[in-house]
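Scroll down for the structure; my scribbles are underneath it.
The values are calculated or read from the model by the stated rules, or taken from the named source; none is laboratory data. Keep in mind that this is a model prediction, so the values were computed, not measured. When we count neighbours, we look across all protein chains shown, and the Cβ atoms used for this are built from the backbone with ideal geometry, even at glycine. Just the protein is used for accessible areas: all its heavy atoms, side chains included, with ligands, DNA and RNA removed. Shrake-Rupley method; radii C 1.70, N 1.55, O 1.52, S 1.80 Å.
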Amino acid sequence: METTRGAAPPLPPFTAETAARKARAAEDAWNTRDPERVSLAYTPDSRWRNRDRFVTGRAQIVELLTDKWQRELDYRLIKEVWAFGDDRIAVRFAYESHDRDGQWFRSFGNENWEFDEHGLMRRRLASINDVPIQESDRLYHWPLGPRPADHPGLTELGL
């Protein structure tokens, strides 16, 4: 998350360890479902493609996330690093949520991230597919908020 100096460690260039820490920090922030807090990890002029929506800047990011979490209830997310480079990280993720009618979904996706020198994300490209599931097929049962440290990740869950 952003600090008073405008930096969001870990900073590029990334290693396997720092890329994993960056992905976990993003996962933890998104699991708060707090759009304002999440937006601080992005540059003020960050550009996103999220599914079929294109947004620029923190205000539009907050708007997108507010809309998202009004539709995707009881949202729980797991991210895992797929690949990384000096200032880029690719992650795969899966999250579970339900709509207002009670239909549960497991949403699978990939994100490509590009960071500035202060560790803030300046570009996020996300592709996401939703699969309806039965409530009994859910795998994420931790209390709302960040995933507990001992909860399995995507690979361990076979996702």
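Exactly one of these conditions fails for Leu64: (1) open to solvent by less than 10 Å² (accessible area, probe 1.4 Å); (2) touching a Leu at 6+ places or on another chain (Cβ under 8 Å). Give me its number.
Evaluating Leu64 over (1) open to solvent by less than 10 Å² (accessible area, probe 1.4 Å); (2) touching a Leu at 6+ places or on another chain (Cβ under 8 Å) leaves (2) as the failure.
Would a scan of the stretch 18-27 turn up a residue that is at pLDDT 95 or above, part of a helix (DSSP H, G or I) and open to solvent by 70 Å² or more (accessible area, probe 1.4 Å)?
The initial filter retains those residues of the stretch 18-27 that are at pLDDT 95 or above, namely 18-27.
Right, trim to part of a helix (DSSP H, G or I) and you get 18-27.
In the following step, the residues that additionally are open to solvent by 70 Å² or more (accessible area, probe 1.4 Å) were identified as 21.
Yes, the stretch 18-27 contains a residue that is at pLDDT 95 or above, part of a helix (DSSP H, G or I) and open to solvent by 70 Å² or more (accessible area, probe 1.4 Å).
So, Ala7, is that one at pLDDT 95 or above, open to solvent by less than 70 Å² (accessible area, probe 1.4 Å) and either within 18 Å of the chain's Cα centre (by Cα) or of a type outside the set (S, T, N, Q) (or both) or not?
Numbers: at pLDDT 95 or above: no; open to solvent by less than 70 Å² (accessible area, probe 1.4 Å): yes; either within 18 Å of the chain's Cα centre (by Cα) or of a type outside the set (S, T, N, Q) (or both): yes.
It is false that Ala7 is at pLDDT 95 or above, open to solvent by less than 70 Å² (accessible area, probe 1.4 Å) and either within 18 Å of the chain's Cα centre (by Cα) or of a type outside the set (S, T, N, Q) (or both).
Restrict the check to the stretch 42-54 and report whether at least one residue is free of Cβ contacts under 8 Å to residues at least 60 places away in the same chain, part of a strand (DSSP E or B) and surrounded by 15 or more Cβ atoms within 10 Å (Cβ to Cβ).
Within the stretch 42-54, not a single residue is free of Cβ contacts under 8 Å to residues at least 60 places away in the same chain, part of a strand (DSSP E or B) and surrounded by 15 or more Cβ atoms within 10 Å (Cβ to Cβ).
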